[in-house]
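Below is one structure; the comments refer to it alone.
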Amino acid sequence: MKTQYYTASTLDGFIATEDHSLEWLFPLGDIAETGYADFFAEVGALAMGSSTFQWMMDHHLRPGSPDEQPWPYEKPVWLFSSRHLELPPGADIRLVRGDVRPVHAEMAEAAAGQNLWVVGGGDLAGQFYDAGLLDELIIQVGSTTLGKGMPLFPRITPPGRLKLVSATQMGPGFAELRYSVEY
């Protein structure tokens, strides 16, 4: 079992715009040209920040609209938030706050040997890193820049802490970089 931060980033290191939009991402390529399906097949539980969740609700699920979509994950999600959020009906979402260590233990038990996915954002992934619980970063680097926005991984990592495992072209708009975290 690994705890993995799998995300997309711009060349200049942002995962979203300042207003948490991911719209920069979609014109760059087709998800079928990435390793997402293989990655997700090995995931048993997810950790998500409230901004990522709210973006999904507003732009993907769109509850109450004619284009409403169902919650996309059948696997349990631990949603880190200090605010009240309206959860989609029937979704296995557990609202949590505070230290990631006890939550990580619950996630690992629920995942039953499968990997844990830190969906986003960058600070949440950083909290798992700070606790010594992050094993791998898988970054789909897109061929665009934002200039400012929500940072990919707002932590200082000493030289040698992140070991490049692989770099792979994914379609015309992405390169996937895989790093193991060496504590």
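No value in this document is a laboratory result; all are computed from the given coordinates. Just so you know, these numbers come straight off a predicted model, no measurement behind them. Cβ sites come from the backbone with ideal geometry, for glycine too, and all protein chains shown count toward neighbours.
Which GluC sites (Glu not before Pro) in the stretch 75-145 sit in a loop by DSSP (not H, G, I, E or B) and have at most 13 other Cβ atoms within 10 Å of their own Cβ?
Passing both the DSSP loop test and the Cβ count: E86.
Let me understand the chain better: what is its radius of gyration from the alpha carbons, and its Dmax, in angstrom?
Cα-based Rg and Dmax for the chain come out at 15.9, 50 Å.
List every residue whose amide H lies under 5 Å from the amide H of G120, counting only residues 5 or more places away in sequence or on a different chain, with H placed 1.01 Å from N in the peptide plane.
Correct list: G49.
Amide H to amide H, which residues 5 or more places from W78 or on other chains are under 5 Å from it, using H placed in the peptide plane?
Sorted by chain and number, the residues that satisfy this are L46, A47, M48, R94.
Helix-only mean residue ellipticity at 222 nm, the chain, DSSP H runs n ≥ 4 weighted -39,500 (n - 2.57), per residue, nearest 500. What is it?
Calculated mean residue ellipticity at 222 nm is -5000 deg cm²/dmol.
Under the definition of Cα pairs under 8 Å and six or more residues apart, what whole-number percent is the relative contact order of the stretch 32-79?
The normalised contact order for the stretch 32-79 reaches 46 percent.
When the Karplus curve 6.51 cos²θ - 1.76 cosθ + 1.60 is applied with θ = phi - 60°, which whole-Hz ³J(HN,Hα) does each residue of the stretch 64-72 get, with x for Gly and Pro?
Result, rounded to whole Hz: x, 9, x, 9, 4, 10, x, 4, x.
Could you pull out which residues in the stretch 133-177 have an amide N less than 19 Å from a spot 7 Å beyond the Cα of S21, following the Cα-Cβ vector?
Of the residues in the stretch 133-177, 142-152 have backbone N under 19 Å from the label point off S21.
Tell me which trypsin sites (Lys or Arg not before Pro) from the stretch 85-154 have a DSSP coil assignment and no more than 15 other beta carbons within 10 Å of their own.
Counting only loop positions with at most 15 other Cβ atoms within 10 Å, the trypsin sites (Lys or Arg not before Pro) in the stretch 85-154 are R97, K148.
Could you calculate the FRET efficiency of E182 with E109 from 1/(1 + (r/R0)^6), where r is the beta carbon distance between them and R0 is 30 Å, rounded to 0.05?
In this case the efficiency is close to 0.70.
Quick one: putting +1 on the C-beta of Lys and Arg, -1 on the C-beta of Asp and Glu, what dipole do you get for the chain around its Cα centre, in Debye to the nearest 20?
About 480 debye.
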